Amino acid sequence: MTSQSSISLHLDTAQPDLPATPMIEVSHLWKAFYDRRDGNIVVAIEDVSFSIPRGQFVCICGPSGCGKSTLIRILAGLEDKSAGKVGLAARVGGRPPAMVFQESSLFPWRTVAENVGYPLELEGVSRAERRARVQPMLEMTKLADFANSYPHQLSGGMKQRASVARALIDDSSEILLMDEPFGALDEQTRMDLQQELLRIWEQSGKTVIFITHSVEEALTLGDRVIVMSARPGRIAADIAVPFGRPRNVLSMRRDPRFGELTFRIWTLLKGTPVEASTDEVQAPAPPPTTAAQANESRTVNIVAPADGEATVDSLAALKAAVRPSLWSRSLEYLGIFSPLVVLVLWEILGRADLIDPSFFPSPSMIAGTFWSELVSGELVRDALATVSRVAVGYVMGAIPALVLALALGLWRTPRLLVLPIFSALYTVPKIAIYPLLLLLFGIGEAPKYVLVAVATFFLVFFSTLTGVIQIPRIYLDVAQNLKTSTLQLFRTIALPAALPGVFNGMRLALGTTFVLLAAVEFVGAKSGLGYSIWSAWQTFAVEKMYVGIVSISAIGYLSVMLVQWIEWRMVPWLRH
Ligand code: ADP
Ligand code: MG
């Protein structure tokens, strides 16, 4: 085993019979998160090193937010590390580590039995064998009666038990990573499952990393307890647990060393040195025998923090490594220019005489016409006419759609009554109602606004509605519990939750409105880009036609970008 300068492991003394091959080797691991919005960096893991031999049961204990989940996610290959080395022997031949996640990770669209049997399904295990293997797992986790229930029908603790069963069923991965798997269980179930876990582990020979905030649990299960300090997470201590195997999770609590170790780890977690503890706490501790004292000094090893200079050096290097390079940052904006590539290609093909300029005039020729129309003011007039029709109609359609979808999304009965009407109207081709609109609103701008509004309305309405209906129940429960008013419910929950749907509808609506408007301007207008394309066709002014087409495309593109930009600003909690 390679010895770290700041960490020395006392495994060999505590567990003399464990083989020395490291199964997991973590060396000078750093992890920092970069916030793209403000460029801030959060260091979650700072210079962590440890080595875990095959078959060892390691518990990691530490205050919340100290980087435990981050560490285990890096080991599972779910998160990138920022610096350092992570080596897993299991990766070479076997499957990646099985993982029990901290948050509920069952698929809501599968029953408990289907969730638990999922790893076997992926491996191609037959249905009959799956059933035979799932059943004992469900019995062990006391879920046999709920095999056919869906996750939303389970309590939090039951969901956690099902996740544990799903991780344990797959015996092909040699490493088992568990992120506070028993955190939400009652004491009794917890002890039963601890005992079961130990039994399975002793049979399987798996290497386990078990994260817990419970010191007692760490001592009950682990061969070793790694204690992490508050953020940024470092290893504060690496403690070999002196209890033998097999263990009885209940009776081992009578061992005086159990209390002593619990006390020591707690002092570490609280950040006060053992010597500085109060009399009050020390009083009930049993008088240590010389043997216990000797044992203690042999098994407890408090790691000194890394020296300041090295830390500052590596921290600076870390920040440089985590901040995305100029290239990768500019890559995000590069997409804006990709339409240019098409234009350049077009120009090249035109100049090489590979396409007929009388039908496909090259961009440079179009640019000439574009410029003269721009100077004459004709283009600006037409573009403004189209843009103002889209803008007015868009707002006219989107706002009522939004309000109605929020209301109907939240109230089921009116929704059931109104939705069939909307669904029937939605399928009517919008262009087909234009003559009717002309009758109703007369010739002029009004029917055009209304047409755009109608098209926008349905798209924004349906995608907002889907967003509201899909709001997870728990958020509505929070609202009810806090007694929000209807308006507050709209503003603070329904609207933000539906925003991704709203923007999706707005993007779809933009495309549709330009199509509709161009069609309408062909026949029923004396201005607008559609009109300009149509009149160019009548005089066979091909380049002018292209100017119209390109202008619509450019305006459409810019408006989609605008919607995108607004979405980035308004929905910062979603990953884009
Ligand atoms: P815990 O020890 O409670 O499991 P975590 O590993 O979840 O802690 O988090 C450690 C630190 O890293 C916290 O400060 C948290 O805010 C930060 N962090 C975790 N995940 C992310 C992420 N995806 N983006 C930014 N910061 C994160
Ligand atoms: Mg966590």
Fill in: Alpha carbon convex hull of region 105-172, volume per residue in cubic angstrom
77
Fill in: Burial order of peptide ranges 478-488, 370-380, 502-512 (average beta-carbon count within 10 Å, highest first)
502-512, 370-380, 478-488
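On average, how much accessible surface per residue is there in the chain, in Å², for a 1.4 Å probe, leaving out ligands, DNA and RNA?
52
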Worksheet item: In µm²/s, what is D for region 360-574 at 4 °C and 1.567 mPa s, where D = kT/(6 pi eta Rh) by Stokes-Einstein and Rh is the Kirkwood radius from Cα pairs?
Response: 68
Worksheet item: Using θ = phi - 60° and the Karplus form 6.51 cos²θ - 1.76 cosθ + 1.60, what ³J(HN,Hα) does each residue of region 185-196 get, whole Hz, x for Gly and Pro?
Response: 9, 6, 3, 5, 4, 4, 5, 4, 5, 4, 4, 5
Item to complete: Estimate the FRET efficiency between Leu354 and Ile566 by the formula 1/(1 + (r/R0)^6), using the beta-carbon distance for r and 35 Å for R0, to the nearest 0.05.
Response: 0.30
Worksheet item: Taking a 1.4 Å probe, which of Phe50, Phe441 shows the most accessible area, and what order do the others take after it?
Response: Phe441, Phe50
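Between Glu378 and Ile474, 0.36 nm times their residue separation minus their Cα-Cα distance comes to what?
29.0 nm
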Practice prompt. Give the long-range amide H neighbours of Ile226: residues separated by 5 or more places, or on another chain, with amide H under 5 Å away, using H modelled in the peptide plane at 1.01 Å from N.
Written response: Cys59, Ile60, Cys61, Ile239
Worksheet item: To the nearest 10 degrees, how steeply does helix 412-426 sit against the main Cα axis of the chain, on a 0 to 90 scale?
Response: 40
Discussion item. For the pair Glu139/Arg507, report the inter-label distance in nm, with labels modelled 7 Å from Cα in the Cβ direction.
Written reply: 5.1
Item to complete: Rank Val502, Leu88, Ser325 by how far each Cα sits towards the positive end of the charge dipole of the chain (+1 on Lys, Arg Cβ; -1 on Asp, Glu Cβ) and give me just the farthest.
Response: Val502
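Out of the total accessible area of the chain (probe 1.4 Å, heavy atoms of protein only), what percent is carbon and sulfur?
After summing per-atom areas, the C and S share lands at 63 percent.
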Response to the item:
Using a 1.4 Å probe on heavy atoms of the protein chains only, the accessible area for Ser527 in Å², nearest 10, reads 20
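Which value, in debye to the nearest 20, gives the size of the charge dipole of the chain about its Cα centre, when Lys and Arg are +1 and Asp and Glu are -1 at the Cβ? Mind showing how you got there, number by number?
Numbers: 51 positive and 51 negative charges, 257 e Å.
Computed about the Cα centre, the dipole is about 1240 debye.
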Response to the item:
One can check that the equivalent ellipsoid of the chain, built from the alpha-carbon gyration tensor with semi-axes equal to the square roots of five times its eigenvalues, has lengths in Å, largest first, of 63, 30, 22
Item to complete: Amide H neighbours of Arg54 under 5 Å, at least 5 residues apart or on other chains, H built in the peptide plane: list them.
Response: Thr21, Met23
Item to complete: Keeping all protein chains in position, work out how much accessible area His152 exposes to a 1.4 Å probe, and write it in Å² to the nearest 10.
Response: 150
Worksheet item: In bins 10 Å wide, starting from 0, what share of all Cα pairs of region 455-559 does each bin hold, as a percent?
Response: 14, 30, 20, 16, 12, 6, 1
Practice prompt. Could you work out how far apart the two model spin labels at Leu326 and Ile443 are, taking each label as a point 7 Å from the Cα in the direction of the beta carbon, and quote it in nm?
Written response: 6.0
Worksheet item: What 222 nm value per residue comes from the helices of the chain, counting each DSSP H run with n ≥ 4 as -39,500 (n - 2.57) and dividing by all residues, nearest 500 deg cm²/dmol?
Response: -17500 deg cm²/dmol
Worksheet entry | J(HN,Hα) series, region 133-146, from Karplus relation 6.51 cos²θ - 1.76 cosθ + 1.60, nearest Hz, glycine and proline x | 8, 6, 3, x, 5, 5, 5, 4, 8, 6, 10, 4, 6, 10
Worksheet item: Rounded to the nearest 20 Debye, what is the dipole magnitude of region 170-256 about its Cα centre when Lys and Arg each give +1 and Asp and Glu each give -1 at the C-beta?
Response: 360
Worksheet item: What order do you get for 108-115, 77-84, 345-352 when each peptide is scored by the mean count of other beta carbon atoms within 10 Å, highest first?
Response: 108-115, 77-84, 345-352
Discussion item. Can you tell me the length gained on complete extension of the stretch Ala519 to Glu103, counting 0.36 nm per residue apart and subtracting the Cα distance?
Written reply: 144.6 nm
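The values are calculated or read from the model by the stated rules, or taken from the named source; none is laboratory data. Please read these numbers as outputs of a predicted model, since none were measured by experiment. So basically every Cβ, Gly included, is an ideal-geometry build from the backbone, and we count neighbours across all protein chains shown. All accessible areas refer to the heavy atoms of the entire protein, side chains included, with ligands and DNA or RNA removed. Shrake-Rupley method; radii C 1.70, N 1.55, O 1.52, S 1.80 Å.
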